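Following: one structure in structure tokens, then a few remarks.
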Amino acid sequence: MSVLVIGSGGREHALAWALAQEDRTTTPFCAPGNPGIASVATCLPCSPLDFDALAGEAVRREIALTIVGPEAPLAAGLVDAFAARGLRAFGPTRGAAAIESSKIFMKSLCRRYEIPTAQARTFSNVVPALAYIRQADRPLVVKADGLAAGKGVVMARSADEAAAAVEAMMAGRRFGDAGARVVVEEWLEGREVSVFGLSDGTHVAPLLPARDYKRLLDGDRGPNTGSMGGYAPAPAVDDAMLGRITDEVLEPAIWAMAQEGRPYRGVLFAGLMLTAAGPRVLEFNARFGDPEAQLLMPLLASGLRDAAEAALAGRVDRWTPRWHPGYTLCVTLCAAGYPERPRRGMPIDGIEAAQALPGVLVFHAGTAMRDGRLVVSGGRVLNVVAMGQTLEDARDRAYRAAALINFEGKTIRRDIGSDETVTHDVAHDVREVTQA
Ligand code: AMP
Ligand code: GLY
């Protein structure tokens, strides 16, 4: 019985790749997919938001399990629509996906259930929001309430910047209705990490922590993007910290959602800042991260399907993931002009050479076929992921592979994984010394 993946980016390529690896007898389906996904799955030309068409395909092709990649179909109720037709889909219902699709809901949940997060105020009118910003007089973060494709967050060093963001979102409707209400919160300092929990609505099991690089330029400068790369597991989250995050964030969030009558089944993604005072939630997402899925799938030895089945069957308390040893590191190749105005249409060369390097996978994020040639069709074009015994190994391989791929205007960050080198080497040396 087949599995269907919903979506068309690098994350969905990694999910479909994992399913194809796990079961070499059944080809997965993907809707709508992309040219890279087409090498591991049968692509179906359906929009992720056309639930009637998707359900029709699921019935016709006897699909036993559907795995939803992006947030938009979750927030629009794909899992509910499938359930109403007796179809099994892995991911939260529309009500449970509100943990991502409404920042105001998320903030209220954290406040009521004492889940640690940045202190925040929410506003539905411009005037009180501006008054608050003027008297706060410190760096603030302004967030549109609704989904804005990762772009609805403005880090404001000054009151003027915060005020401009509020005006653009609320009065200028920069993100449409998503910005009709805003959250204004304290700017937290620390290391940012992504931690995922697999949940069946009652129990939750943590996955490996990952580090995602959102800023465009080396040294974490420039605008926020959909992501320039990352690595896993993140040494900044050791076992003790992962235990703390599970106890203080993941478990309370799953309990809170059940109390609210929105039991959460699926992958709960906590974007966290490790501050001096402890972990603080920056955001919850209702899905796997992108590129965190590209980092975790090659490491997950116990299988994606097994994880989804455990969540759907309510037995996450008896599910323990097995992981391959080592690290994965992702360098995202982006189009010129990303994130504001990515240029499209340039031909891409060198993917085969990159993939031929041992331990290297190339996931397609924004590619298309034009006149028989692979071309750039989105801001994030390819995720080059390398596995290595150490983070440095993985980084060297990923950058060697990334150098083999060419398209006009190729844009990458050069420092993915560099900030961890010292921490990692020290930990590694200490372990070796202890064992000697
Ligand atoms: P979000 O979509 O809420 O995760 O925000 C996007 C990015 O903005 C996060 O990944 C952080 O890098 C940054 N960010 C969000 N909220 C805060 C905050 N309160 N303090 C510092 N950085 C933040
Ligand atoms: N990597 C961040 C996200 O998927 O939202």
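The values are calculated or read from the model by the stated rules, or taken from the named source; none is laboratory data. The structure displayed is predicted, hence computed values, not measured ones. Here the Cβ positions follow ideal geometry from the backbone for every residue, glycine too, while neighbour counts run over all protein chains shown.
Might you check whether a residue that is at negative phi, in contact with a Cys (Cβ under 9 Å, 6 or more places away or on another chain), near ligand 1 (Cβ under 10 Å from one of its atoms) and of a type in the set (G, A, S) occurs anywhere in the range 134-148? No, the range 134-148 contains no residue that is at negative phi, in contact with a Cys (Cβ under 9 Å, 6 or more places away or on another chain), near ligand 1 (Cβ under 10 Å from one of its atoms) and of a type in the set (G, A, S). Screening the range 146-203 for residues that are touching a residue at least 12 places away in the same chain (Cβ under 8 Å), of a type in the set (D, E) and assigned to a helix (DSSP H, G or I) and picking the one that is nearest to C110 (Cα to Cα) gives D177. Which condition number does T320 fail, the rest of (1) part of a loop (DSSP other than H, G, I, E, B); (2) under 24 Å from G366 (Cβ atoms) being met? Among (1) part of a loop (DSSP other than H, G, I, E, B); (2) under 24 Å from G366 (Cβ atoms), the lone unmet condition for T320 is (2). Taking the stated definitions as given, is F51 under 22 Å from the mean Cα position of the chain (by Cα) and either at pLDDT 95 or above or within 20 Å of G201 (Cβ to Cβ) (or both)? Answer is no for this residue. The residue of the range 243-286 that is nearest to ligand 1 (Cβ to nearest atom), among those that are hydrophobic (A, V, I, L, M, F, W, C), surrounded by fewer than 20 Cβ atoms within 10 Å (Cβ to Cβ) and part of a helix (DSSP H, G or I), is A256. Taken over the range 94-112, the residue count meeting the criterion of being of a type outside the set (A, V, I, L, M) and either more than 16 Å from ligand 2 (Cβ to nearest atom) or free of Cβ contacts under 8 Å to residues at least 24 places away in the same chain (or both) is 8. Exactly one residue among D177, D220, D238 is closer than 24 Å to K143 by Cβ and away from ligand 1 (no atom under 11 Å from the Cβ), and that residue is D177. Cβ separations smaller than 6 Å between residues 6+ apart or across chains give the following pairs from the range 246-274 residues that are touching a residue at least 40 places away in the same chain (Cβ under 8 Å) to residues that are among the polar types (S, T, N, Q) and within 16 Å of ligand 1 (Cβ to nearest atom): F269/N285; G271/S194. Here R121 meets the list (1) modelled with pLDDT under 95; (2) out of contact with any Phe, Trp or Tyr (no Cβ under 7 Å at 6 or more places or on another chain); (3) surrounded by fewer than 17 Cβ atoms within 10 Å (Cβ to Cβ) almost entirely, failing just condition (2). Pairing residues of the range 279-306 that are touching a residue at least 12 places away in the same chain (Cβ under 8 Å) with residues that are of a type in the set (S, T, Y) and within 16 Å of ligand 2 (Cβ to nearest atom), at Cβ distances under 6 Å and at least 6 apart in sequence or on separate chains, gives G289/S194; P291/S227; E292/S194; L295/T328; P298/T328; L299/T328.
Of all residues in the range 272-293, which are over 9 Å from the mean Cα position of the chain (by Cα) and either more than 21 Å from V141 (Cβ to Cβ) or within 8 Å of ligand 2 (Cβ to nearest atom) (or both)? Correct list: E283 only.
What residue, among those in the range 334-347 that are closer than 16 Å to P223 by Cα and in contact (Cβ under 8 Å) with a residue 12 or more places away in the chain, is surrounded by the most Cβ atoms within 10 Å (Cβ to Cβ)? Outline the logic, then answer.
Within the range 334-347, the first condition is being closer than 16 Å to P223 by Cα, and the residues that meet it are 334-342.
Within this subset, residues satisfying the condition of being in contact (Cβ under 8 Å) with a residue 12 or more places away in the chain are 334-340, 342.
On the way: C334: 28, A335: 24, A336: 16, G337: 13, Y338: 24, P339: 20, E340: 10, P342: 19.
Among them, the one singled out is C334.
Looking only at residues in the range 222-245 that are within 24 Å of V385 (Cβ to Cβ) and without any contact (Cβ under 8 Å) to a residue 24 or more places away in the chain, the one that is farthest from ligand 2 (Cβ to nearest atom) is D238.
Against the condition assigned to a loop (DSSP other than H, G, I, E, B), touching a residue at least 40 places away in the same chain (Cβ under 8 Å) and surrounded by 19 or more Cβ atoms within 10 Å (Cβ to Cβ), how does I115 come out, does it pass?
Numbers: assigned to a loop (DSSP other than H, G, I, E, B): yes; touching a residue at least 40 places away in the same chain (Cβ under 8 Å): yes; surrounded by 19 or more Cβ atoms within 10 Å (Cβ to Cβ): yes.
The answer is yes for I115.
When G190 is tested against (1) farther than 30 Å from A308 by Cβ; (2) away from ligand 2 (no atom under 16 Å from the Cβ); (3) touching a Pro at 6+ places or on another chain (Cβ under 8 Å), just one condition goes unmet, and that condition is (3).
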